[in-house]
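Please treat every number below as a calculation from the coordinates, not as lab data. Because the structure is a prediction, the values reported are computed rather than measured. Virtual Cβ from ideal backbone geometry, glycine too; neighbours counted across all protein chains shown.
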Amino acid sequence: MSASRASRVRIGIWYHPALAQGGGIGRYTRGLVGALLALPGAAAADIVLVVGRDAPDPGDGWWLPAGGRVRLRRLPLSERALTILWQRLRAPLPLDRWLGGLDLFHSPDYTLPPLTRARGLVTVHDLSYLTWPQGALPSLRRYLTRTVPRSCARAARVLADSESTKGDLQRLMALPPGRIAVVGAGVDPHFRRPAPAALAAARARLGLPDHFILGLGTLEPRKNFDGLIRAFERLAPQRPQLQLVIAGGRGWLEGPILAAAAASPMAERIHLAGFVADADLPALYSLAEAFAFPSHYEGFGIPVLEAMACGTPVVCADNSSLPEVAGDAALLVPATDEAALTAALARLLDDQALRARLAVAGPARAASFSWAAAAERLWAAYGAALG
């Protein structure tokens, strides 16, 4: 987008997930929009961060550039009410009229509101509700099946997190490749190994064991935590000091995960730590002896990069976007092959030469993904949408 064009542009961004969600799309939106606001070219644009009435207050960590070019606008209805009006009832209440007119509006959360003059962009992180439908609530699957294709059809550009998701959009939505831009994601700079004193303090504060494998993500079927638990059961008898920590907030259809942990013969060595705040994640990754991410499908897989940035050896699934992200800096296994996952974890624990290689390769691989680079690609997509 040229500076002369950008000086006349008024951009709206749906920022509600950044304030309402700790992980997932919330983390993605915070990282990407924060980097976008730091771009020199964006300084000439008028940017409105739009949230529903029920969005949490930003809090003490909130920061906006000086000069009034970026502002937070709270709409008079809650996110749920807006979703019902815009997506279920398809009410003719264009968002850009509520905001006094926009040139462009970007939703980083699968669906677009109705717009009048503004060009729309929508981020589709993944199509797991189609590629792995057993991992989604039936109501959510029905909702996305209706609304995502409709939003993609209306969007001037559809944004994807990975080449894998771009391929899915072409294959399952019949979108031409020229309408899809791969923006990607990044790793925040604070993801690095903390100093020993900080690690010791975090271990005590979080109640972490001395030796553990880490799994991380929202408790839901697609993350394959039940498979990780079974792989741990194979490893544990030969390693009496080893424990399993699974960190992540409650999600949906999590009953089998909770049941697998409770019924496991290693139940006393399996810890469901709940949601862990961003500030504690570098220590959590760094204290783990290995990080396991055997997901059945991912649009990107930010935790893989975060763990690698901290120098922790990683094993992840070999499907969807994960090979794009991990490269040769992690061990890759089929998500459904629990014997392969067990063997890969054993290698990460026992092979000191492999651990040393990954301790170097992981941070180098993670450094090749930055929010600044993703924001540059997003800014280019904005320019292409405005034509």
Förster radius 30 Å - calculated FRET efficiency between residue 230 and residue 192, Cβ distance, rounded to 0.05 = 0.40
Here the relative contact order (percent) of the chain, from C-alpha pairs under 8 Å and at least 6 apart, is 16
Which residues does a label at residue 172 reach in region 309-347, if reach means a backbone N under 16 Å from a point 7 Å past the Cα toward the Cβ?
-> 319-322
Assign unit charges at the C-beta atoms only (+1 for Lys and Arg, -1 for Asp and Glu), then state the dipole size of region 196-367 relative to its Cα centre in Debye, rounded to the nearest 20.
-> 280
Toy charge model, Lys and Arg Cβ at +1, Asp and Glu Cβ at -1: the chain dipole around Cα centroid in debye, rounded to 20, equals 1520
Residue separation between residue 69 and residue 134 times 0.36 nm, minus their alpha-carbon distance, gives in nm 19.0 nm
Gyration tensor (alpha-carbon) shape descriptor, region 196-367, a/c threshold 1.5 | rounded
Stretched fully, the stretch from residue 20 through residue 368 gains (0.36 nm per residue minus C-alpha distance, one decimal, in nm) 122.4 nm
Take each of the peptides 33-42, 138-147, average the number of other beta-carbon atoms within 10 Å over its residues, and list them starting from the highest.
-> 33-42, 138-147
In whole angstrom, note down how far apart the Cα centers of region 95-151 and region 344-387 are.
-> 27
Relative contact order computed over region 196-367 (Cα-Cα under 8 Å; 6+ residues apart), in percent = 22
Enumerate the residues in region 15-29 having an amide nitrogen under 20 Å from the point lying 7 Å beyond the Cα of residue 84 toward its Cβ.
-> 16-17
If you work out Cα Rg over 2.2 N^0.38 Å from the coordinates, which of (1) 1.09; (2) 1.01; (3) 1.05 do you get?
-> (2)
How many nm is it between the label spots at residue 163 and residue 98, if each spot is 7 Å from the Cα in line with the beta carbon?
-> 3.9
Go through 217, 340, 206 and say which Cα lies farthest out towards the positive end of the charge dipole of region 196-367; charges sit on Cβ, +1 for Lys and Arg, -1 for Asp and Glu.
-> 206
For residue 384 and residue 352, calculate 0.36 nm times their separation in residues minus their Cα-Cα distance, and state this gained length in nm to one decimal.
-> 6.7 nm
Between the residues 181, 245, 137, the Cα farthest towards the positive end of the dipole of the chain, that dipole coming from +1 and -1 charges on the beta-carbon of Lys, Arg, Asp and Glu, is from 181
